[in-house]
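Beneath this line is the structure, given in structure tokens, with notes to follow.
The values are calculated or read from the model by the stated rules, or taken from the named source; none is laboratory data. What you are looking at is a predicted structure, and each value in this text was computed from that prediction instead of being measured. Don't worry about glycine lacking a Cβ; one is built from the backbone with ideal geometry, like all the others, and counts go over all protein chains shown.
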Amino acid sequence: MAGFYKWLNSYIFNQTLPFDFTGFVNTDNSIVPVSNIGTFSGPANGTGGWLRGGEFSTALSGELFSDALSGFGVQFSTSYTDSSVAPEGPGSDENLTLPGLSKWVASGTVYFEKSGFTARFGHRYRSSFRGEITSIFAQRTFTRVLADRQSDLQLSYAFPETSSLNGLTALVQINNLTNSAFKTRQDGNFQGGGPSAPLETNTFGRQILAGFTYTF
């Protein structure tokens, strides 16, 4: 079990300031500017923020509880992360979490290993988080990445030393067992108060691998 805290001295945000465009060529003669003063946007260092949280992990074998559970075991880990930054820079009244950080991330594995046979089932969970993506005109913008769950399964058998196939191991592995989808949505909290609506749903399919390994 562990806890952590990190202070951020600065945070890069997109700053928009008045700018004097005197001397720049107007390439569109159909539009006559009413003033040489306009706005210019670019990255700038903000006031920073903070990051804190905790994590816990454990691994338990069945023999700790009963001899009848010999070969069985579980592995589990989870973490909680909270953060705060001012995405609009100094003087902003809005504080949001850092992009790319889920508040909750957890993974667990149940396994059985005995007499050359191995079976492992793993499940991973990640809560929704604020994602940063490339939008129109290569501008960076935010989106909401929804919670994601993914399960994997692995089965293998290693032939014993008494067998003529000693050294051979057969393996079957299935990744993304339930064909979990990657989903995003336009979130009013991160889009200047606009409407919240589904944005993307991507499925990548389950991956099935089968093969043999041989050691000598």
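So, Y11, is that one surrounded by 13 or more Cβ atoms within 10 Å (Cβ to Cβ) and closer than 29 Å to A138 by Cα or not?
The answer is yes for Y11.
Search the range 134-149 for residues being surrounded by fewer than 16 Cβ atoms within 10 Å (Cβ to Cβ) and hydrophobic (A, V, I, L, M, F, W, C), and hand back the single one that is nearest to the chain's Cα centre (by Cα).
A147
May I ask you to verify whether S102 is of a type in the set (S, T, Y) and either free of Cβ contacts under 8 Å to residues at least 12 places away in the same chain or assigned to a loop (DSSP other than H, G, I, E, B) (or both)?
Against the criterion (of a type in the set (S, T, Y) and either free of Cβ contacts under 8 Å to residues at least 12 places away in the same chain or assigned to a loop (DSSP other than H, G, I, E, B) (or both)), S102 qualifies.
If a residue has to be closer than 15 Å to R185 by Cβ and part of a helix (DSSP H, G or I) to count, how many in the range 105-145 make the cut?
The total comes to 0.
Restricting attention to the range 37-58, and to residues there that are surrounded by fewer than 15 Cβ atoms within 10 Å (Cβ to Cβ) and among the polar types (S, T, N, Q), which single residue is farthest from W104 (Cα to Cα)?
Restricting to residues being surrounded by fewer than 15 Cβ atoms within 10 Å (Cβ to Cβ) and among the polar types (S, T, N, Q), the top hit is T39.
Return the only residue of F121, F129, F142 being at pLDDT below 95 and out of contact with any helix residue (DSSP H, G or I) (no Cβ under 9 Å at 6 or more places or on another chain).
Checking each option against the conditions leaves just F129.
Since G71 meets every condition but one in (1) within 27 Å of the chain's Cα centre (by Cα); (2) surrounded by 13 or more Cβ atoms within 10 Å (Cβ to Cβ), which condition does it not meet?
(1)
Residue by residue through the range 1-58, note down the ones that are in contact (Cβ under 8 Å) with a residue 24 or more places away in the chain, more than 17 Å from A86 (Cβ to Cβ) and assigned to a loop (DSSP other than H, G, I, E, B).
If the condition is that a residue be in contact (Cβ under 8 Å) with a residue 24 or more places away in the chain, more than 17 Å from A86 (Cβ to Cβ) and assigned to a loop (DSSP other than H, G, I, E, B), then M1 is the only one that fits.
Out of P198, P160, which single residue is assigned to a loop (DSSP other than H, G, I, E, B) and either farther than 30 Å from E94 by Cα or of a type outside the set (K, R) (or both)?
The match here is P160.
Which members of the range 59-68 meet the condition of being surrounded by 15 or more Cβ atoms within 10 Å (Cβ to Cβ) and in a strand (DSSP E or B)?
The one that is surrounded by 15 or more Cβ atoms within 10 Å (Cβ to Cβ) and in a strand (DSSP E or B): S61.
When you check S156 against the structure, is it crowded, with 16+ Cβ neighbours inside 10 Å, under 30 Å from L60 (Cβ atoms), within 19 Å of the chain's Cα centre (by Cα) and among the hydroxyl-bearing types (S, T, Y), yes or no?
Taking the combined requirement at face value, the residue does not satisfy it.
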